[in-house]
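Working notes for the structure below.
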Amino acid sequence: MTHNILIIGSGWLGLPLAKSLIQQGHKVTATTTNCEKIGSSEVPMQLLNTDDNESLASIGDDFDVMIITIPPNRKAPENYLPQLITLQQLAITKGITKLLFTSSTSVWGNYEGIVDENTPRQPVTQSAQAMVKFETALQLEPAFKATTIHLAGLIGNDRNPGRFLAGKSDVANPNAPVNLVAKEDVIGIISQIISQACWQQSFIACAPTHPTRQEFYSTAAQTLGLTPPQFSNQDQAAKTINGQLSADRLQYHYQYPDLLKWLTNH
């Protein structure tokens, strides 16, 4: 079944997701706040400012699926929840029947141990708290069916983790597990959710391998020819994100299950 999909946000994830869904036969429009993007992409674009009622009203009434890919603004995290609630109201107003929200594994905060979809949320940051509140609002909303996908740390060709900690010293938690996922796998899992109509559910996107921070980030820096980070002896218990349950439910096989191998291929 094909859909008419409105993707909120055409950034690092939203734009390649839109291109992939178009290739799969869906009709897709992505929103942007940058007028220079209009007409400069193979993906149909529409300006959208959630603070502008006229902009919100300009969105068409023929979409049946909304995918929210916008991340919180690090400089103004207090604006994230109101922005999300505005998008929820937009979906209701426009008669959208399915909504997919890209949340984050940060909703489990400082949890220690293995995390899966059934683990109680423990948000710490203001952004994570906003995500949890919005997830709850979506579950209670009768106007549409909503699904949340919790994304681990995102990596890709233009977001190489070798630069994250390169050259730094006294980096804590050398033995903590790494929880990351390649952009291609996020797109693959979202595509499976849509094609299998897995609505009113919760999923996790995280590669099934979890090398230690020291092994992964040292290898990542060396792969790019950068100075590896120097780690301290300071260690504390950390969480391991288990995305395998979601992969099994969706019958999804990760394109990049081995994070260390991903480094050598990028």
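The values are calculated or read from the model by the stated rules, or taken from the named source; none is laboratory data. Bear in mind the structure is a predicted one, so any value in this text is a computation, not a measurement. Cβ atoms come from the backbone with ideal geometry, glycine included; neighbour counts cover every protein chain shown. What goes into the accessible areas is simple: the full protein's heavy atoms, side chains included, and nothing from ligands, DNA or RNA. Shrake-Rupley method; radii C 1.70, N 1.55, O 1.52, S 1.80 Å.
Reported count of residues in region 198-207, each being surrounded by 15 or more Cβ atoms within 10 Å (Cβ to Cβ) and either of a type in the set (Asp, Glu) or farther than 16 Å from residue 119 by Cβ (or both), is 3.
If you go through region 119-136 and pick out every residue that is under 28 Å from residue 248 (Cβ atoms), touching a strand residue (DSSP E or B) at 6+ places or on another chain (Cβ under 9 Å) and either modelled with pLDDT under 95 or assigned to a helix (DSSP H, G or I) (or both), you end up with 5. Take the residues in region 146-168 that are polar (S, T, N, Q) and surrounded by fewer than 19 Cβ atoms within 10 Å (Cβ to Cβ); name whichever of them is modelled with the highest pLDDT. Per the stated criteria, the residue is 160.
Within region 1-49, the set of residues being open to solvent by 70 Å² or more (accessible area, probe 1.4 Å), over 21 Å from residue 197 (Cβ atoms), of a type outside the set (S, T, N, Q) and part of a loop (DSSP other than H, G, I, E, B) comprises 38, 39, 42. Taking residues in region 124-145 that are under 20 Å from residue 96 (Cβ atoms), and partners anywhere that are modelled with pLDDT of 95 or more and charged (D, E, K, R), the pairs with Cβ atoms closer than 7 Å and at least 6 places apart or on different chains are 144/98; 145/98.
Considering only region 57-117, give the strands (runs of 3 or more DSSP E) lying wholly within it that have at least 3 residues that are within 21 Å of the chain's Cα centre (by Cα), at pLDDT 95 or above and surrounded by 14 or more Cβ atoms within 10 Å (Cβ to Cβ). Explain how you work it out, then say what you get.
Numbers: elements: 65-68, 98-104, 113-115.
So the answer is 65-68, 98-104.
Say whether the condition of being at pLDDT below 95, closer than 30 Å to residue 23 by Cα, of a type outside the set (A, V, I, L, M) and not in a strand (DSSP E or B) is met by at least one residue in region 169-179. So far as region 169-179 goes, no, none of its residues is at pLDDT below 95, closer than 30 Å to residue 23 by Cα, of a type outside the set (A, V, I, L, M) and not in a strand (DSSP E or B).
Evaluate the following for residue 264: is it over 22 Å from residue 106 (Cα atoms) and in a helix (DSSP H, G or I)? Answer is yes for this residue.
Just to be sure before I move on: is residue 92 in contact with a strand residue (DSSP E or B) (Cβ under 8 Å, 6 or more places away or on another chain) and of a type in the set (Val, Ile, Thr) in the structure I sent? Outline the logic, then answer.
Values: in contact with a strand residue (DSSP E or B) (Cβ under 8 Å, 6 or more places away or on another chain): no; of a type in the set (Val, Ile, Thr): yes.
When the stated conditions are applied, residue 92 does not pass them.
Of all the numbered requirements in (1) open to solvent by 20 Å² or more (accessible area, probe 1.4 Å); (2) at pLDDT 95 or above, residue 236 misses one, and that requirement is (2).
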